[in-house]
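J.: Once you've had a glance at the structure underneath, I'll fire off some questions.
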């Protein structure tokens, strides 16, 4: 029998807002909300073994789960599900820390100032189908034995993205409108990283591989120790600057997808 708990969290009056999700084995679905709430949705725990916890201190809200081991041992039959809608009325920071879980997130149009994603295992799909109206200072991604796929990263509107992990697979798609220079810093081990950038978006990659491989698709030239696409060579702006260090793994940069706006050539 389903055990559903409604979630309805209003925007607090505090200046700095931070939403933290600390979750274990579960399924996580996130989409933009149209209502006035900061967070709305349902937590479904079919086994009634992992109760929902919500804590709020001024502008910080933490959503987590209570694991009552060993008293609930043997009652966990299927993973709980979070089905959440995030509000767009005010900008905020978002932190998601997960264990062995599956996640599907559509974050397009949500005003995120800073975002941190940490997963130990599982499969995560994160999309930015619409531009982030708020400049994002930092996007931090840390993964263990996980499979993580990002789409529309140009729409995330970040100044810097850092990616760290081991024994994982990452797919980074930069579809969307790149509105300012973006730095991508990668440090992985025993992992594969695939980066796809629209041909009209300028990108330059400096990469170092220790017992690993660096590969590029068609349309790249090596100059000054880095790989440049045609848009970067002709001085198009804004530009994605990739700095990668790969140990016992691989990284591949290729062109594909589309940008919603064309990069502007500087004179």
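Matching residues to (1) part of a strand (DSSP E or B); (2) closer than 17 Å to residue 243 by Cβ; (3) without any contact (Cβ under 8 Å) to a residue 40 or more places away in the chain; (4) in the same structural domain as residue 232 (by TED's automatic domain parsing):
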position	(1), (2), (3), (4)
147	yes, no, yes, yes
164	yes, yes, yes, yes
175	no, no, no, yes
186	yes, yes, no, yes
196	yes, no, no, yes
208	yes, yes, yes, yes
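For (1) closer than 14 Å to residue 27 by Cα; (2) surrounded by 15 or more Cβ atoms within 10 Å (Cβ to Cβ); (3) modelled with pLDDT of 90 or more, each residue gets a yes or a no:
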site: 69; (1), (2), (3): no, no, no
site: 74; (1), (2), (3): no, no, no
site: 80; (1), (2), (3): yes, yes, yes
site: 84; (1), (2), (3): yes, yes, yes
site: 87; (1), (2), (3): no, yes, yes
site: 93; (1), (2), (3): no, yes, yes
site: 97; (1), (2), (3): yes, yes, yes
site: 103; (1), (2), (3): yes, yes, yes
site: 110; (1), (2), (3): no, yes, yes
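J.: Right, next: Quick check on my filter: what residues within the stretch 130-179 are surrounded by fewer than 22 Cβ atoms within 10 Å (Cβ to Cβ) and on the phi > 0 side of the Ramachandran plot?
T.: Correct list: 167 only.
J.: Out of (1) outside the structural domain of residue 142 (by TED's automatic domain parsing); (2) in contact with a strand residue (DSSP E or B) (Cβ under 9 Å, 6 or more places away or on another chain), the odd one out for residue 78 is which?
T.: (2)
J.: Collect the residues in the stretch 1-18 that are under 15 Å from residue 52 (Cα atoms) and in a strand (DSSP E or B), keeping them in residue-number order.
T.: Step one: filter the stretch 1-18 for residues under 15 Å from residue 52 (Cα atoms), giving 2-9.
4, 5, 6, 7, 8, 9 - these are the residues of the stretch 1-18 that are under 15 Å from residue 52 (Cα atoms) and in a strand (DSSP E or B).
J.: Is it the case, given these coordinates, that residue 120 is in contact with a strand residue (DSSP E or B) (Cβ under 8 Å, 6 or more places away or on another chain), surrounded by fewer than 19 Cβ atoms within 10 Å (Cβ to Cβ) and in contact (Cβ under 8 Å) with a residue 60 or more places away in the chain?
T.: On the way: in contact with a strand residue (DSSP E or B) (Cβ under 8 Å, 6 or more places away or on another chain): yes; surrounded by fewer than 19 Cβ atoms within 10 Å (Cβ to Cβ): yes; in contact (Cβ under 8 Å) with a residue 60 or more places away in the chain: no.
Judged against the criteria, residue 120 is not a match.
J.: Residues that are part of a strand (DSSP E or B), modelled with pLDDT of 95 or more and farther than 23 Å from residue 160 by Cα: does the stretch 119-127 have at least one?
T.: Yes, because at least one residue in the stretch 119-127 is part of a strand (DSSP E or B), modelled with pLDDT of 95 or more and farther than 23 Å from residue 160 by Cα.
J.: Which of (1) in a strand (DSSP E or B); (2) in contact (Cβ under 8 Å) with a residue 40 or more places away in the chain; (3) outside the structural domain of residue 175 (by TED's automatic domain parsing) does residue 53 not meet, given it meets every other one?
T.: (2)
J.: Oh, and also: Of the residues 85, 67, which is part of a loop (DSSP other than H, G, I, E, B) and over 14 Å from the mean Cα position of the chain (by Cα)?
T.: Details: 85 fails: part of a loop (DSSP other than H, G, I, E, B).
Testing whether each residue is part of a loop (DSSP other than H, G, I, E, B) and over 14 Å from the mean Cα position of the chain (by Cα) leaves just 67.
The values are calculated or read from the model by the stated rules, or taken from the named source; none is laboratory data. Since the model is a prediction, treat every value here as computed from it, not as a measurement. Please note: Cβ atoms are built from the backbone with ideal geometry, for glycine as well, and neighbour counts cover all protein chains shown.
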